[in-house]
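Read through the structure below, which is laid out as structure tokens, and then see the notes.
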Amino acid sequence: MDRIVEHLWIIPALPLLAAGIIALLKRPHRKAAAALAIGSLGLAFLVSCVAFAATLHPAAGAGTVRLTHNFAWFDLGESTLRLGWLLDPLTAGMLVMVTFVGSLIFVFSVGYMAHDPNFTRFFGFLSLFAAAMLGLLVANNLLFLFMCWEVVGLASYLLIGFWFQKPEAAAAAKKAFVTTRIGDLGFFLGMVWLYHGTGTLLFYDKGAGCLEQGAIASLVAQTTLGGMAVSTAISLLLFCGAAGKSGQVPLHVWLPDAMEGPTPVSALIHAATMVAAGVFLVARVFPLLGASAAGLPADGHVPHTAALAVVTWIGAITAVFGALVAVAQSDIKRILAYSTVSQLGYMMMGLGVGGPAVGMFHLLAHAFFKALLFLGAGSVIHGCHGEQDIRRMGGLRKAMPATFATYAVGMMALAGFPLVFSGFWSKDEILHAALAWSPSRLPFALGLFGAFLTAFYMIRQMWFVFFAPSAHPAARHGHDTRPDAAAPHDSPPVMTVSLAILAGATVAMSLLATPVWPWFHAYLGGHLDHLHVGWDADGAVLATMALSTVAVALGTGVSWRLYSRSATGTDAVERLVPRLFGALRGRLYVDGFYAATVFRLNRAAATAFDWIDRFVWGSLAGSTAWIATGFSWLGRLLDDAGINPGFDAGCAGTRGTGRLVSLFQNGQTQRYLRLVGGGIVAIVVAVAWTGKK
Amino acid sequence: MTPYLIVSALLFSIGFAGVLTRRNAILVLVGVELMLNAANLNFVAFWRHGPNPAALDGVMFVVFAIAVAAAEAAVGLALVIAIHRHCRSGNVDEASGMKG
């Protein structure tokens with residue numbers, strides 16, 4: 001067991017190695033790059049499975065399996081910085097999900113990116129991303145998690161801007177980077193504060209880690225601004241980072257724009273894994289968020305703390321906001337992007353009301369079916385030769401049967417169709433927990449409304465893409481009119497196989513969290529050995545299931561009725577409530593609001609600072625320069641008038657003497673001897689003269 | 001003894017004057033020889049009229065000085081030849097390489 005956690009670093013190291021090698025490969029080595037990336041991630045998947053198996057059998061009475069391996073990284077003065085690996089059900093479940101979904105998306109990319117000249121670079125970036133994401137999962141140190149978090153952000157930036165020659169892609173990459181950076185500032189501050197408060201950033205360290213009883217009790221005991229516990233303040237700062245990464249309102253604006261990247265990137269990073277990193281972070285530091293004066297949150301009981309209330313409300317608002325905006329979008333990927341925003345809101349809400357097990361199950365389930373939907377969308381786009389507007393698709397059900405079937409599975413899971421789809425059970429758990437949340441019933445109502453909207457917009461999308469009378473010129477006129485208007489075709493097997501596997505996984509996952517056999521709950525909560533098959537659900541569970549089924553049915557029915565009767569080209573909702581539709585299409589003007597406030601403020605500040613720079617500081621610096629110039633002029637005058645003539649005279653005297661003396665020196669021995677002779681004669685005469693006296 | 005010393009002084013002065021005024025290196029050497037022999041003459045005169053004429057020491061000095069002077073003349077001539085080769089002339093005015 002300990003050997004596994006000691007060698008947990010292998011999982012992120014494998015794709016990192018692949019990324020390093022691919023970085024050195026030349027462009028034409030496409031097969032080698034793809035093989036390296038897929039091979040390394042596949043191996044990482046196998047290792048993850050071994051790690052996962054190790055978490056299945058907790059030692060008797062130990063509750064959750066939690067293996068750690070800490071080691072010193074370097075010494076800084078008196079203190080030692082220690083890193084570590086952590087293996088618990090949370091990590092293990094995420095590891096398996098990321099490597100599994102990642103491998104499938106890598107395989108899919110081989111088909112999707114087949115015609116791209118920068119195929120090699122693409123796989124290099126993907127591998128780098130996978131390495132950072134896996135590093136983030138195995139970290140037992142908030143600092144290491146943060147480092148990986150940033151590398152993940154970098155990989156996301158690189159991949160959104162993969163087609164950087166498109167101005168929108170470059171702008172979207174920049175937007176994603178800057179927006180998440182705002183959240184990361186909070187994360188960083190929270191981390192520094194946590195270190196200041198506890199003196200360690202290790203999560204678990206045999207009782208001395210920052211998520212364990214001692215450290216958290218001391219954080220809860222201290223208060224800061226407005227009587228808020230320090231633990232709450234740190235939690236909220238860390239949640240800022242999570243909100244930025246996971247696209248929570250009001251930092252969600254980057255996520256829909258991130259769809260400018262290649263579709264496999266949208267599937268992997270902006271749907272299944274990276275955006276879930278924020279949710280994972282909140283689940284990881286859940287003891288901190290749930291800490292109250294009463295102590296750490298116990299298994300199965302979710303406390304009501306201020307931090308968790310914030311998480312819940314933000315999540316609920318995001319869930320409805322994303323679903324509302326998704327109703328009015330017409331870009332196939334943008335609908336899915338807002339749907340992701342909405343689902344991430346659900347996850348946060350789940351964490352807030354139901355704890356890690358509830359939020360994380362929705363995360364894992366969502367990862368599978370959203371990756372499936374995105375890959376399906378990629379397949380549709382691939383088949384339609386780059387067309388992304390759902391109003392110009394239609395009738396693809398016959399042209400792309402494999403894509404249609406798998407997409408339908410993903411759609412039903414996302415919308416929460418009852419019983420055999422994972423999305424139903426995971427969303428149901430969130431709603432059930434929200435119903436039991438004592439502070440307010442509003443999140444439950446919002447969640448239910450979100451479920452209705454989800455069914456509504458997904459049916460709308462399905463209808464436009466697969467059922468509507470074909471808007472395609474080739475299908476309408478029966479023959480090709482333009483060379484680029486070739487009929488839509490289904491994707492090659494390398495792509496559809498991934499879709500089929502993901503669809504299978506989506507259905508299979510629904511078995512793990514039913515009220516009859518709540519395996520996942522027990523796994524994450526650490527009481528697998530008490531698990532038994534049987535019906536022990538109370539009336540609230542049944543009521544929630546019934547309510548959410550009704551919401552889904554209502555959404556489906558209304559949407560289908562509205563759209564199947566409307567003529568092509570126009571949107572039924574647009575005809576009914578044009579002003580509301582316009583507002584939703586304009587994403588409720590959040591982007592515009594930011595453009596009008598934050599950007600304008602920023603620009604005004606920049607202009608003001610430019611002005612101050614130019615005129616205040618500029619003139620100050622200018623006058624200083626003038627004064628300096630004046631002094632130098634004065635100095636020069638003094639030099640010219642006073643000091644130089646004196647020196648010149650001295651020099652002239654020295655030169656004259658030198659010239660005179662040098663007359664005697666002409667290099668001829670005879671001249672020197674003559675002087676010596678004259679000297680001797682003079683001495684002799686002098687001696688003789690004085691001796692005479 | 002005075003006449004000897006006067007002759008010796010004359011001889012020295014003539015030699016010195018020759019050394020100082022002659023332009024030909026060989027004649028400068030001749031002047032040096034005259035000065036040397038003036039000194040030899042002084043040795044002999046002081047010995048002959050000195051307190052102990054029987055000791056022969058002045059003569060010994062002179063014989064050695066003549067012998068050494070022969071060697072010195074050889075070295076001097078070699079130097080002159082070397083200078084001649086170097087400057088392509090026997091004129092000592094041309095050998096002004098000592099001027100800085």
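The values are calculated or read from the model by the stated rules, or taken from the named source; none is laboratory data. Owing to the predicted nature of the structure, the values given are computational and were not obtained by experimental measurement. Cβ coordinates were reconstructed from backbone atoms using ideal geometry, including for glycine residues, and neighbour counts include every protein chain displayed.
Quick look at the numbers
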quantity	calculated
Out of A:190, A:161, sole residue that is farther than 14 Å from residue A:270 by Cα and in contact with a helix residue (DSSP H, G or I) (Cβ under 9 Å, 6 or more places away or on another chain)	A:190
Members of the range B:58-71 found to be touching a residue at least 24 places away in the same chain (Cβ under 8 Å) and surrounded by 15 or more Cβ atoms within 10 Å (Cβ to Cβ), listed by number	B:65, B:69
Residue count for the range A:203-234, restricted to those that are crowded, with 19+ Cβ neighbours inside 10 Å and more than 20 Å from residue A:309 (Cα to Cα)	7
Criterion violated by residue B:60 - all others in (1) within 14 Å of chain A (Cβ to nearest Cβ); (2) more than 15 Å from the chain's Cα centre (by Cα) satisfied	(1)
The range A:1-24: number of residues that are part of a helix (DSSP H, G or I) and touching a strand residue (DSSP E or B) at 6+ places or on another chain (Cβ under 8 Å)	4
Per-region count, the range B:63-85, residues within 14 Å of chain A (Cβ to nearest Cβ) and either of a type outside the set (Gly, Ala, Ser) or more than 19 Å from residue B:27 (Cβ to Cβ) (or both)	3
Pairs where the first residue, in the range A:438-457, is closer than 17 Å to residue A:308 by Cα and the second is among the polar types (S, T, N, Q), C-beta under 8 Å, 6+ apart	A:443/A:312
Every residue from the range B:82-99 that is in a loop (DSSP other than H, G, I, E, B), at pLDDT 75 or above and either within 12 Å of residue B:24 (Cβ to Cβ) or hydroxyl-bearing (Ser, Thr, Tyr) (or both)	B:89
Residues of the range A:136-153 that turn out to be surrounded by 24 or more Cβ atoms within 10 Å (Cβ to Cβ) and of a type in the set (Gly, Ala, Ser), as a count	1
Residue within the range A:358-381 that is assigned to a helix (DSSP H, G or I) and touching a strand residue (DSSP E or B) at 6+ places or on another chain (Cβ under 9 Å) present	no
Subset tally (residues that are part of a helix (DSSP H, G or I) and within 11 Å of another protein chain (Cβ to nearest Cβ)) for the range B:16-28	8
Residue within the range B:89-97 that is out of contact with any strand residue (DSSP E or B) (no Cβ under 9 Å at 6 or more places or on another chain), surrounded by 13 or more Cβ atoms within 10 Å (Cβ to Cβ), more than 14 Å from every other protein chain (Cβ to nearest Cβ) and of a type outside the set (S, T, N, Q) present	no
Unmet criterion (only one of (1) farther than 20 Å from residue A:429 by Cβ; (2) of a type in the set (Val, Ile, Thr); (3) crowded, with 24+ Cβ neighbours inside 10 Å) for residue A:305	(3)
Residues of the range A:167-202 classified as in a loop (DSSP other than H, G, I, E, B) and exposed (fewer than 14 other Cβ atoms within 10 Å of the Cβ), total	1
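This table checks each residue for (1) of a type in the set (Lys, Arg); (2) within 17 Å of residue A:30 (Cα to Cα); (3) crowded, with 17+ Cβ neighbours inside 10 Å; (4) out of contact with any strand residue (DSSP E or B) (no Cβ under 6 Å at 6 or more places or on another chain).
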site	(1), (2), (3), (4)
A:67	no, no, yes, no
A:88	no, no, yes, yes
A:95	no, no, yes, yes
A:113	no, yes, yes, yes
A:117	no, yes, no, yes
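Every residue, every condition in (1) among the basic types (Lys, Arg); (2) crowded, with 24+ Cβ neighbours inside 10 Å, yes or no:
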site	(1), (2)
A:357	no, yes
A:360	no, yes
A:363	no, yes
A:370	yes, yes
A:375	no, yes
A:384	no, no
A:392	yes, no
A:396	no, yes
